[in-house]
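The values are calculated or read from the model by the stated rules, or taken from the named source; none is laboratory data. Given the structure is predicted, the values throughout are model-derived calculations rather than measurements. Here Cβ is always computed from backbone atoms with ideal geometry, including for glycine, and neighbour counts include all displayed protein chains.
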Amino acid sequence: MRVAVFGATGTIGRPLLPVLAAEHEVVAVSRRPQPPGPEGVRWAVAEATEPEAVRRALEGVEAAYYLVHSLGRPDFEARDLLAAETVATEAARAGVSQLVYLGGLGDDDPGLSAHLRSRRETGRRLAAGDVPVTTLRAAMVVGRGSAAFETIVALVDRLPAMVCPRWISTPTQPIALTDALRYLAGVCGLPGALGRSFDAGGPEVMAYREMIERVARLRGRLPWIVEVPVLTPRLSSLWLHLVTPVRAGVARPLIEGLRNPTVAREEAIRVLLPGELVTFDEAAADALR
């Protein structure tokens, strides 16, 4: 199959390319020109909000991955919706048979953060088109380059003591990057995945505090953590901006989303694509290497 990947330079998109290229002809779509490679991958330049550029990128494509997000921009919600509508429209025009979208766990909570709300509405906008959409909903992806995981690592490395808001006790179900890639590649062209949504979680449910403590053990550290009820999302994001590499424009929507539990409610993807899941400690150790 010829497969297009929108958002091909991102944390998920870039490592997904060689996995897909092992079985498919891949068109990697980026906003800016990229150097050649890997083998079996052809790069195309397109802004996901520009119909003509998207149309060219989708020529002859049978399945397309939508891994685009505008987090960090003040208008990220509106821009993500426009991009999703553009890709869905042009995919139908091009005769694409499947769209694959990576959304977020917890997007059915009534008190959604702007970030999770945007992920939910983006999925709805894609599904409103004529092309069947396969949606994988994941919480934190544990791997190199993941903004949420890199934030935890930076906190551990830079702070011997942390005064944290209550969100560090929120339950979540992180997934290893290798498992996320396996699921994403596995649903490509799979009849049983067309038009369906799947929760994709790792083998463990834990609080963010436990993730911090586990990363600390891997780093040979023992941070002192105190929970307080007074840190608002805005203050939390500014605090993260000061002590981690994550910009405040990215940190704030991420932090606001941490108040929402992100736990899988079903395991249909594990039946459709069986395999042993990587533990948090294994995934974190691999990312830290």
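Scanning segment 116-153 for residues that are modelled with pLDDT under 80 and more than 17 Å from residue 11 (Cα to Cα) yields 116, 117, 118. The set of residues from segment 91-114 being within 25 Å of residue 16 (Cα to Cα), among the small types (Gly, Ala, Ser) and either in a loop (DSSP other than H, G, I, E, B) or modelled with pLDDT of 95 or more (or both) comprises 91, 92, 94, 95, 97, 106. Restrict the check to segment 21-37 and report whether at least one residue is at pLDDT 90 or above, buried (at least 22 other Cβ atoms within 10 Å of the Cβ), under 22 Å from residue 144 (Cα atoms) and not acidic (Asp, Glu). Checked segment 21-37: at least one residue is at pLDDT 90 or above, buried (at least 22 other Cβ atoms within 10 Å of the Cβ), under 22 Å from residue 144 (Cα atoms) and not acidic (Asp, Glu).
Every condition in (1) under 19 Å from residue 181 (Cα atoms); (2) in contact with a strand residue (DSSP E or B) (Cβ under 9 Å, 6 or more places away or on another chain); (3) buried (at least 16 other Cβ atoms within 10 Å of the Cβ) is met by residue 1 except one, and the failing one is (3). Scanning segment 171-191 for residues that are in contact with a helix residue (DSSP H, G or I) (Cβ under 6 Å, 6 or more places away or on another chain) and either modelled with pLDDT under 95 or of a type in the set (Asp, Glu) (or both) yields no hits at all.
Those helices (runs of 4 or more DSSP H) of segment 195-278 in which at least 3 residues are modelled with pLDDT of 90 or more and under 20 Å from the mean Cα position of the chain (by Cα), considering only elements entirely within it, cover 268-272.
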